[in-house]
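Peer 1: What follows is a single structure, and I will ask about it in a moment.
Throughout, read-outs are computed from the coordinates displayed, never taken from laboratory work. On a predicted model such as this, the values are computed, not experimentally measured, just so you know. Ideal geometry is used to build each Cβ from the backbone, glycine not excepted, and the neighbour counts take in all protein chains shown.
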Amino acid sequence: MNENTGYAGGYNNALKQVEADVYCLINSDIEVTANWINPVIETMLNDDKIGACQPKILSYNNKAFFEHAGAAGGFIDMLGYPFCRGRIINTVEPDDGQYNDVSKIFWATGACLFVRAQLFHQLNGFDKDFFAHMEEIDLCWRIQKSGYTVNYIPKSVVYHVGGATLSKSNPRKTYFNFRNNILMLHKNLSFFSMLLVMFIRHFLDLIAALKFFAEGHRNDSKMIFKAYVWFYGNISSRIKLRRQTRKVLQRAK
C-alpha cells in the first residue's frame with residue numbers, strides 16, 4: 001500500500017482482493033490454538049443470521065486470565081463506554097469456565113474477528129475515519145442494525161499480547177479512543193438519543209481531560225481536546241456519512 005491507512009482503511013483495501021465466504025481478521029500479536037477456526041465456522045454455517053464472531057481471548061502473558069481487548073465478548077453501556085465479559089475497565093478476571101457459553105454479544109474484538117464477507121462489503125466495511133480503535137465496535141453495531149447477530153464462541157481459544165501497535169501509555173491511543181467513541185455514537189444512535197448522550201459525554205470527557213492534566217498526563221489531556229477539534233472540524237462530512245449509513249442499513253436488511 002502507498003500509505004498507512006490504519007486498521008480500518010488497511011483491511012478495507014486488502015479485503016477487496018480476498019475471495020472468501022468468511023473473513024478472519026487477526027492481529028499479529030495473536031497466538032492460536034489447535035482447531036481454533038473450526039468451532040467458529042461450524043457455528044456460522046449452522047446459522048446464517050450470525051454476521052460476526054469472536055473466540056475466547058486469553059492473555060498471552062498470563063494464560064489463566066482473559067485479555068483486555070475482547071475477553072469473553074464486548075458490550076457498551078448506555079453512554080457508549082465499551083466493556084467486556086471478563087474485563088471491566090482495567091480489572092481482568094481469571095478464566096474459570098464462567099464464560100463457556102456460546103452467547104450473543106454487542107461487539108467482537110478486532111484482534112480476532114470473524115465476519116461474513118458479503119455482509120462486510122454490503123455495509124461498506126470499516127469507517128476509514130477511525131483509522132484504529134473501535135472500528136470493530138462500529139461495524140458490529142451496524143451488523144446488528146442490519147438484522148444479524150454478533151456471537152462469542154468459547155470453544156475457539158486464542159492468546160493475545162495486546163498493546164503491540166499502540167501501548168496504553170501512548171497519547172495517540174487516548175486520542176483515537178475518545179475521538180472514535182464520539183464518531184461511533186454520532187453515527188449509530190437515534191437522533192434524540194445521540195443529542196442526549198453526546199451532551200452528557202461532553203461533560204464527562206472534559207472531566208477526564210482535567211483529571212489527566214491534574215495527574216501530570218498533559219499530552220493525554222491535550223488529545224481529548226484534539227479529538228473534539230477533529231470531530232467538529234469534520235462535522236459536515238460526519239453528518240453526511242450518518243445519512244448515508246441509514247440508507248446502507250435499509251438496503252442490507
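Peer 1: What residues qualify as long-range amide H neighbours of residue 5, i.e. H under 5 Å apart, gap of 5 or more or another chain, H built at 1.01 Å from N?
Peer 2: Hits under the 5 Å cutoff: 10.
Peer 1: Something else now. Can you work out the Karplus-derived ³J(HN,Hα) for every residue in segment 145-155? Use 6.51 cos²θ - 1.76 cosθ + 1.60 with θ = phi - 60°, whole Hz, and x for glycine or proline.
Peer 2: Whole-Hz 3J(HN,Hα) from phi for segment 145-155: 5, 8, x, 9, 10, 10, 10, 10, 10, x, 6.
Peer 1: Now for a different question. Would you please give the residues with an amide H less than 5 Å from that of residue 153, counting only those at least 5 places away or on a separate chain, with H modeled from the backbone geometry?
Peer 2: 54, 56
Peer 1: Over segment 6-160, what is the relative contact order in percent, taking alpha-carbon pairs closer than 8 angstrom and at least six residues apart?
Peer 2: 40 percent
Peer 1: Another question, then. Which FRET efficiency value, to the nearest 0.05, do you get for residue 62 and residue 35 by plugging their Cβ-Cβ distance into 1/(1 + (r/R0)^6) with R0 = 25 Å?
Peer 2: For residue 62 and residue 35, the calculated efficiency is 0.60.
Peer 1: Moving on to the next point. Which value, to two decimals, describes the C-alpha radius of gyration of segment 171-252 once divided by 2.2 N^0.38 Å?
Peer 2: Working: Rg = 14.2 Å, N = 82, 2.2 N^0.38 = 11.7 Å.
Working it through for segment 171-252, the quotient is 1.21.
Peer 1: Taking 0.36 nm per residue of separation and subtracting the Cα-Cα distance, what length does fully extending residue 47 through residue 18 add?
Peer 2: 8.2 nm
Peer 1: Between residue 200 and residue 214, 0.36 nm times their residue separation minus their Cα-Cα distance comes to what?
Peer 2: 2.9 nm
Peer 1: Order of 150, 158 from fewest to most other C-beta atoms within 10 Å?
Peer 2: 158, 150
Peer 1: Enumerate lysine pairs in segment 6-160 that are 8 or more residues apart or on different chains, then count those whose Cα atoms are under 15 Å apart.
Peer 2: 7
Peer 1: Hey, another quick one. Within the chain, what's the longest run with no GluC sites (Glu not before Pro) in a DSSP loop and at most 11 other beta-carbon atoms within 10 Å? Give the range, please.
Peer 2: Longest run free of exposed loop sites: 20-214.
Peer 1: Under the Karplus relation 6.51 cos²θ - 1.76 cosθ + 1.60, θ = phi - 60°, what is the ordered set of whole-Hz ³J(HN,Hα) values for segment 237-244, x standing for Gly and Pro?
Peer 2: Coupling constants for segment 237-244: 5, 6, 5, 4, 5, 4, 5, 5 Hz.
Peer 1: On to the next question. Roughly how compact is the chain, stated as its Cα Rg over 2.2 N^0.38 Å to two decimals?
Peer 2: 0.99
Peer 1: Mind telling me which of 66, 203, 83 comes out most flexible in a GNM of the chain, alpha-carbon contacts under 10 Å?
Peer 2: Checking each option, the largest mean-square fluctuation is seen for 203.
Peer 1: Could you compute the net charge surrounding residue 44? Neighbours are other residues with a C-beta less than 14 Å from the C-beta of residue 44; K and R count +1, D and E count -1.
Peer 2: Taking every other residue near residue 44 into account, the sum is 0.
Peer 1: Taking the dipole about the Cα centre of segment 206-253, with the C-beta of Lys and Arg at +1 and of Asp and Glu at -1, give me whichever of 236, 223, 213 is farthest to the positive side.
Peer 2: 236
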